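Take a look at the structure below.
The values are calculated or read from the model by the stated rules, or taken from the named source; none is laboratory data. Being a predicted model, the structure only gives us computed values, none of them experimental. Positions of Cβ are backbone-derived with ideal geometry, glycine not excepted, and every protein chain shown enters the neighbour counts.
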């Protein structure tokens, strides 16, 4: 038998064997060639549909801080931090906080199971609780847990949908999370401490 015929026969056997192997389930070669799907970075949507309704009240209860409450009535906002009334309240800052509720983007969501909630700090003892009421009579209550590993957002859960854990974009959410420690009040102490120029 000629040498070229032997080489051709060997090549044919190798190709046939490779073809047969790739037709088997869970073979390594097909898995490698398929690659790993890349998750999309596009947001799924918003926690609240933007600008379809307005916020009439907002409360944030954060572990270790007094509960902050903002309410809109008779054309203006009033506020409370724990038992203390927030006066003078910064109306523009309160408006901004209300609008921020409608700017909470959902980056992704995962299925929730009972044993995973504490891993995300989404139990009642460790979570920050945000509640908002709207002009159409609806309301939401959201538990906010720890930041994600990548730092792009926070784990959260809408109490009306406990089967799903959400990842909410951190930029807008952190503004709301800072309100209990930094309530929207007009600081008068800096004005009082400014010396009056002598005539």
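Matching residues to (1) touching a residue at least 12 places away in the same chain (Cβ under 8 Å); (2) in contact with a strand residue (DSSP E or B) (Cβ under 8 Å, 6 or more places away or on another chain); (3) exposed (fewer than 13 other Cβ atoms within 10 Å of the Cβ):
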| position | (1), (2), (3) |
| --- | --- |
| 144 | yes, yes, no |
| 147 | yes, yes, no |
| 150 | no, no, yes |
| 163 | yes, yes, yes |
| 173 | yes, yes, no |
| 177 | yes, yes, no |
| 185 | yes, yes, no |
- [ ] Report yes if some residue within segment 79-99 is on the phi > 0 side of the Ramachandran plot, surrounded by fewer than 16 Cβ atoms within 10 Å (Cβ to Cβ) and at pLDDT below 90; otherwise report no.
- [x] no
TODO: Could you list, in sequence order, all residues of segment 73-89 that are in contact with a strand residue (DSSP E or B) (Cβ under 7 Å, 6 or more places away or on another chain) and within 17 Å of residue 60 (Cα to Cα)?
DONE: 77, 78, 79, 80, 81, 86, 89
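If we only count strands (runs of 3 or more DSSP E) wholly inside segment 84-151, which ones have 3 or more residues that are in contact with a helix residue (DSSP H, G or I) (Cβ under 8 Å, 6 or more places away or on another chain)?
128-134, 139-147
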Task: segment 44-59, residues that are in contact with a helix residue (DSSP H, G or I) (Cβ under 7 Å, 6 or more places away or on another chain) and either under 12 Å from residue 103 (Cβ atoms) or modelled with pLDDT under 90 (or both) - done: 48, 55
